[in-house]
Amino acid sequence: MAKSGTTTQGLRAAIERSGYYPALVAEAVEAAVGGEAVASYVVHQETTFDANEVRRHVTVLVLTPHRFIVSHTDEQAADTSSPTPYATTSTESVKLDRISSVVVSRVVANPESYTPGTLPREVVLTIGWGAVSRIDLEPAACGDANCDADHGYTGNATADDLSLRVSEAGDGPDTVRQTLAFAQALSEAIAATAAPTR
């Protein structure tokens with residue numbers, strides 16, 4: 001379930017509606033937001049199945065006038081470090097001028113008959129700010145099939161700090177729409193911070 005909107009009260013209500021440890025999640029997110037206004041947000045709860053266990057996870061994305069805030073909360077079963085189940089909550093605050101990429105991948109059915117404005121059936125929002133990078137390397141080669149020289153390696157470095165996947169079938173059309181709205185608000189905010197002042 002994802003919710004998107006504006007205002008601090010709306011953010012708190014969306015966290016409470018998610019039903020996923022709302023007091024814990026709200027406290028962490030509100031502490032990270034501080035006194036800033038909330039420009040946009042998304043609350044996304046995901047349930048996964050791991051062997052015989054059901055695990056829940058909530059991601060909260062918040063856009064303020066100066067920062068992008070991401071919060072993750074995961075629940076864990078009792079283990080050797082804790083005799084009782086527990087949850088882990090983390091928040092990260094990123095200045096808007098540090099965000100290097102906002103990638104929106106859309107999956108549409110029947111692209112030959114696509115009508116502008118039709119919601120994609122799936123959206124993946126990937127945001128990069130340099131905290132996590134993925135490097136894909138492979139041996140470099142030249143065009144000579146008989147060459148056995150060592151040409152080193154070639155590859156790509158990709159910023160991959162956050163990836164959020166929502167689908168119409170799993171999360172509903174409102175969730176897809178809300179994620180697209182958040183991505184647009186974030187992209188516009190980043191563009192505004194990069195625009196030269198006169």
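The values are calculated or read from the model by the stated rules, or taken from the named source; none is laboratory data. The shown structure was predicted, so the numbers you read here are calculated from the model rather than taken from an experiment. We place every Cβ from the backbone using ideal geometry, glycine too, and count neighbours over all the protein chains shown. Each accessible area value is taken on the protein alone, full model and side chains, heavy atoms only, with ligands, DNA and RNA left out. Shrake-Rupley method; radii C 1.70, N 1.55, O 1.52, S 1.80 Å.
Run the quick spin-label model on THR7 and ASP74: label points 7 Å from Cα toward the beta carbon, then report their separation in nm to one decimal.
Taking the two extended label points, one gets 3.5 nm.
Report, in deg cm²/dmol and to the nearest 500, the calculated mean residue ellipticity at 222 nm for the chain, where each DSSP H run with n ≥ 4 adds -39500 (n - 2.57) and the sum is divided by the residue count.
Result for the chain, helices only: -7500 deg cm²/dmol.
Taking all protein chains as present, what is the carbon and sulfur share of the accessible area of segment 1-105, in % to the nearest whole number, probe 1.4 Å?
It is 52 percent, rounded to a whole number.
Relative contact order of the chain, please, whole-number percent, based on alpha carbon pairs below 8 angstrom and at least 6 residues apart.
Answer for the chain is 18 percent.
Of ALA185, ALA78, ALA145, which is the most mobile in a GNM of the chain whose springs link Cα atoms less than 10 angstrom apart?
ALA145
Between SER101 and THR118, what is the label-to-label distance in nm when each label sits 7 Å out along the Cα-to-Cβ direction?
Simple spin-label model gives 2.8 nm for this pair.
Counting only residues 5 or more places away or on other chains, whose amide H sits under 5 Å from the amide H of ALA39 once H atoms are built in the peptide plane?
Answer set, sorted by chain and number: LEU63, THR64.
Tally Lys and Arg at +1 and Asp and Glu at -1 over the other residues with C-beta under 11 Å from the C-beta of VAL70: what net charge comes out?
-1
Mean Kyte-Doolittle hydropathy of 0.0 or higher plus an axial Cα length of 15 Å or more: which whole DSSP H helices in the chain meet both?
22-33, 173-194
Output the peptides 169-178, 92-101 sorted from most to least packed, where packing is the average of other Cβ atoms within 10 Å over each peptide's residues. Could you put the intermediate results ahead of the total?
On the way: 169-178: 16.8, 92-101: 15.2.
Going by the mean number of other Cβ atoms within 10 Å, highest first, we get 169-178, 92-101.
For the chain, report the accessible area per residue in Å² (1.4 Å probe, heavy atoms, rounded to an integer).
Heavy-atom SASA per residue in the chain reads 58 Å².
Specify whether the C-alpha gyration tensor of the chain places it in the rounded, prolate or oblate class, a ≥ b ≥ c being the square roots of the eigenvalues: rounded for a/c under 1.5, otherwise prolate if a/b is larger than b/c and oblate if not.
Values: a/c = 1.58, a/b = 1.34, b/c = 1.18.
Here the chain falls in the prolate category.
By per-residue mean of other Cβ atoms within 10 Å, what is the highest-first order of 58-66, 112-120, 9-17?
58-66, 9-17, 112-120
Just add up the charged neighbours of LYS95: K/R +1, D/E -1, any other residue whose Cβ is under 15 Å from the Cβ of LYS95.
Local charge sum for LYS95: -2.
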